[in-house]
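First the structure, in the form of structure tokens, and then the observations on it.
The values are calculated or read from the model by the stated rules, or taken from the named source; none is laboratory data. Note that the coordinates shown come from a computational prediction; the quantities given were computed from them, not determined experimentally. All Cβ positions, even for glycine, are placed from backbone atoms using ideal geometry, and neighbour counts span all protein chains on display. We work out accessible area using only protein heavy atoms, side chains counted, and drop any ligands, DNA or RNA first. Shrake-Rupley method; radii C 1.70, N 1.55, O 1.52, S 1.80 Å.
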Amino acid sequence: MTKPGSSAGKRKALRYGAGFAVLLAASILVGASLGAERLSIFSLSETESAILFDIRLPRVLLGACVGASLAVAGAGLQALLRNPLAEPYLLGVSNGAALGTMVAIILFGSFEFARPALAFGGAALATFAVYQIARSKAGMNAERLILSGVIITTLLSSVIILLTSLLDATRLRSFTFWLLGDLSQATMTGFWICFAAAIAGTLILSTQSRALNLMMVGERDALDFGVEVGRTRLAVFAASAGLVGVAVSASGSVGFVGLIVPHLIRLFAGSDNRFVIPFSALFGASFVVLADTFARTLIAPRELPVGAITALIGCPLFIWLLRKN
Amino acid sequence: MLEVRGIKAGYGGRMVLDGISFEVADGSITAVLGANGAGKTTLVRLLNRSLDPFAGSVVIDGRQLADLSRRQIARSVAVVAQENETSFPVSVLEFVLAGRFAHGSAFGWESERDIAAAETAMNLCELEGMGHRLMNELSGGERQRVLLARALATEAGTLLLDEPTANLDLSHQAMMFRLVRERTKGCGGSAVVITHDLNLASEFADQILLLKKGKIAACGPPEEVLTEDLIADLFEVDVLLDRNPRTGNVRITTLF
């Protein structure tokens, strides 16, 4: 573990940051080349060029933003709630966002900005509900938090299923696919919205990362040593809800990214959130791009929802973490 | 100088402390004694405003605690309290550096000055070379020393210690109190210590505050406050008092 001193810290940030940036660039290149149609990026025919720029690149780039958003939100929530199992999907935050998206689709049709806005609202409400249910006079333990997440997830799922009965059959199928986490509907507008949210959310959480280092140890401790606990909590909840809301409105509930990515980062780079948050953004982006590439190519020309791939990796990790604690 | 004026405090509607006033002079140690539930921990929480009082005020060096920001408070008051367990792999050095949060920028990196303060504190607490160990791999006594190191790293003038010797063996108990005394006498700081060890209080404290059901039962120098009647009243045990032959301080023996 590197000494978190000023110069040593910056060197470490640069070294790892450069590594993760190279990995992300490579993932995007791989994601753009592979698929139902294999493209050689450097000599494209006209149709291939259309496939690349109109279909595949928006999808790969959106996947990167979704991955970064979910991973950063997971890292932030875990530190804030002192629980390595906290994850947007497991806490019901993703389902809150999904419900918000659905309401937006029903009320505002295809108006592209309504979906992220209402998804943010849904995510924020779900976060607040889970937090209120999980906390008690005796504080908040890991089990209580996860159980609250399960309850809120179940509740929101039922409401979503009730609402899907309002959709017609063709929309229903694409919607079900989307619920499981699906990047196939990617557009460049969707990408830019998600990109802006990912950058803003990561920056906000980065300003809280030193405070989160203290919160991670204990809320009382953090207060004792000078953290404005209420302000940090509000900033982290709002930023995570924003990140998850926008990501889910674009791609559905891709689960477990927020669990897997920060955990792997902590294994390699330690628990200091000044590293965990930015590295999670870069690595989360690579992770979802690669998982989606896998989902597109495994049974090509048919596709799997990317959420199924991330859940296949995430569930065993969750069980392992649960056993370890 | 730490002044507590007419504090009433509690949780929700429940009154835990009712009308507490006392002063802690610079360079002195005050021990807070009392039975379980007497309000000792609540009192310490008020002294760094991690709890707001219903009424009354706490003044540090002429400044109302209520007027200070959390960071300002953390720079002048440091706490050693029962710690929460963390499930994250946090290293000892990272943990001690949390004591430097209120210095410099709230984000960004610690300065060389911060690192130096943390390392000095770790050396004082006999933790040299342990900076890279993980908190959840330490023994109870080691963790307790890390908590003290984090408090010393703040370089705050006032130390609040909530049962700091729990988990410590005899030699480290002595070390803990020696460090607290050096910090208070040497640097003109002050300390408020909650303890159940009457003899440690008698040896190390300049002033003893006896709390009973949220009110002050007695407050003064150890030899005035540590009387058989007061102790019997407070803890409902019979004790034998004599003098420590070496230091001349009051020595308490519980009679069973």
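Residues in segment B:88-108 that are touching an Asp or Glu at 6+ places or on another chain (Cβ under 8 Å) and more than 7 Å from chain A (Cβ to nearest Cβ): B:R100, B:H103, B:G104.
Residue-wise test of (1) open to solvent by 10 Å² or more (accessible area, probe 1.4 Å); (2) more than 13 Å from every other protein chain (Cβ to nearest Cβ).
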{"position": "A:F225", "(1), (2)": "no, no"}
{"position": "A:F237", "(1), (2)": "yes, yes"}
{"position": "A:V254", "(1), (2)": "no, yes"}
{"position": "A:L259", "(1), (2)": "no, yes"}
{"position": "A:P262", "(1), (2)": "no, no"}
{"position": "A:F268", "(1), (2)": "yes, no"}
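The listed residues are A:A281, A:A250, A:A308, and the only one of them that is in contact (Cβ under 8 Å) with a residue 12 or more places away in the chain and either surrounded by fewer than 24 Cβ atoms within 10 Å (Cβ to Cβ) or not in a helix (DSSP H, G or I) (or both) turns out to be A:A308. Checking each residue in segment B:165-207 for being hydrophobic (A, V, I, L, M, F, W, C) and part of a strand (DSSP E or B) picks out B:A191, B:V192, B:V193, B:I194.
Quick test for you: out of A:L180, A:L163, pick the one residue that is hydrophobic (A, V, I, L, M, F, W, C), more than 30 Å from B:N136 (Cβ to Cβ), away from chain B (no Cβ under 14 Å) and open to solvent by 50 Å² or more (accessible area, probe 1.4 Å). Of A:L180, A:L163, the one residue that is hydrophobic (A, V, I, L, M, F, W, C), more than 30 Å from B:N136 (Cβ to Cβ), away from chain B (no Cβ under 14 Å) and open to solvent by 50 Å² or more (accessible area, probe 1.4 Å) is A:L180.
Exactly one residue among A:A129, A:A134, A:A124 is modelled with pLDDT of 90 or more, over 19 Å from the mean Cα position of the chain (by Cα) and over 17 Å from A:V254 (Cα atoms), and that residue is A:A129. The residue that is nearest to A:A98 (Cα to Cα), among those in segment A:185-200 that are open to solvent by 50 Å² or more (accessible area, probe 1.4 Å) and not aliphatic (A, V, I, L, M), is A:Q185.
Residue count for segment B:159-176 satisfying the condition of being open to solvent by less than 10 Å² (accessible area, probe 1.4 Å) and either farther than 23 Å from B:M135 by Cβ or at pLDDT below 90 (or both): 3. Can you name the residue in segment B:32-67 that is within 14 Å of chain A (Cβ to nearest Cβ), open to solvent by 20 Å² or more (accessible area, probe 1.4 Å) and not charged (D, E, K, R) and, of all such residues, is farthest from B:E163 (Cα to Cα)? Restricting to residues being within 14 Å of chain A (Cβ to nearest Cβ), open to solvent by 20 Å² or more (accessible area, probe 1.4 Å) and not charged (D, E, K, R), the top hit is B:L51. Mind checking which residues of segment A:38-85 are over 21 Å from A:P262 (Cα atoms) and in a loop (DSSP other than H, G, I, E, B)? Hits for segment A:38-85 are A:R38, A:L39, A:S40, A:I41, A:F42, A:S43, A:L44, A:S45.
Out of all the residues in segment A:291-305, which are in contact (Cβ under 8 Å) with a residue 12 or more places away in the chain and under 20 Å from A:S253 (Cβ atoms)? Listed by number, the residues that qualify are A:A291, A:D292, A:T293, A:F294, A:A295, A:R296, A:E303, A:P305.
Counting the residues of segment B:71-82 that are assigned to a strand (DSSP E or B) and either more than 7 Å from chain A (Cβ to nearest Cβ) or at pLDDT below 85 (or both) gives 3. When we screen B:E142, B:E119, B:E85 for residues that are more than 7 Å from chain A (Cβ to nearest Cβ), under 22 Å from the mean Cα position of the chain (by Cα) and part of a loop (DSSP other than H, G, I, E, B), the only hit is B:E85.
Residue pairs whose Cβ atoms lie under 7 Å apart, sitting 6 or more positions apart in sequence or on different chains, and linking a residue in segment B:111-127 that is of a type in the set (V, I, T) to a partner that is open to solvent by less than 10 Å² (accessible area, probe 1.4 Å), are B:I115/A:G5. Going by the structure shown, is B:I29 more than 7 Å from chain A (Cβ to nearest Cβ), touching a residue at least 60 places away in the same chain (Cβ under 8 Å), on the phi < 0 side of the Ramachandran plot and touching a helix residue (DSSP H, G or I) at 6+ places or on another chain (Cβ under 6 Å)? Answer is yes for this residue.
Within segment A:217-239, does at least one residue satisfy the condition of being farther than 19 Å from B:R49 by Cβ, among the hydroxyl-bearing types (S, T, Y) and part of a helix (DSSP H, G or I)? Checked against the condition, which is being farther than 19 Å from B:R49 by Cβ, among the hydroxyl-bearing types (S, T, Y) and part of a helix (DSSP H, G or I), segment A:217-239 yields no hits at all.
Taking the listed residues B:L148, B:L161, B:L138, B:L93, the one that is closer than 22 Å to A:A75 by Cα and in contact with a helix residue (DSSP H, G or I) (Cβ under 8 Å, 6 or more places away or on another chain) is B:L93, with no other qualifying. Can you find a residue in segment B:208-225 that is assigned to a loop (DSSP other than H, G, I, E, B), open to solvent by 50 Å² or more (accessible area, probe 1.4 Å), at pLDDT 90 or above and not small (G, A, S)? The answer is yes, given that some residue of segment B:208-225 is assigned to a loop (DSSP other than H, G, I, E, B), open to solvent by 50 Å² or more (accessible area, probe 1.4 Å), at pLDDT 90 or above and not small (G, A, S).
When B:G248 is tested against (1) under 20 Å from B:V44 (Cα atoms); (2) open to solvent by less than 70 Å² (accessible area, probe 1.4 Å), exactly one condition is not met: (1). With respect to (1) open to solvent by less than 10 Å² (accessible area, probe 1.4 Å); (2) at pLDDT below 90, the lone exception for A:F275 is condition (2). Quickly run through segment B:1-41 and pick out the residues that are in a loop (DSSP other than H, G, I, E, B), hydrophobic (A, V, I, L, M, F, W, C) and under 18 Å from B:E224 (Cα atoms). Correct list: B:A25 only.
Can you pull out every residue in segment A:7-44 that is modelled with pLDDT under 80, more than 16 Å from A:G270 (Cα to Cα) and either open to solvent by 60 Å² or more (accessible area, probe 1.4 Å) or more than 26 Å from the chain's Cα centre (by Cα) (or both)? Residues satisfying the conditions are A:S7, A:A36, A:E37, A:R38, A:L39, A:S40, A:I41, A:F42, A:S43, A:L44.
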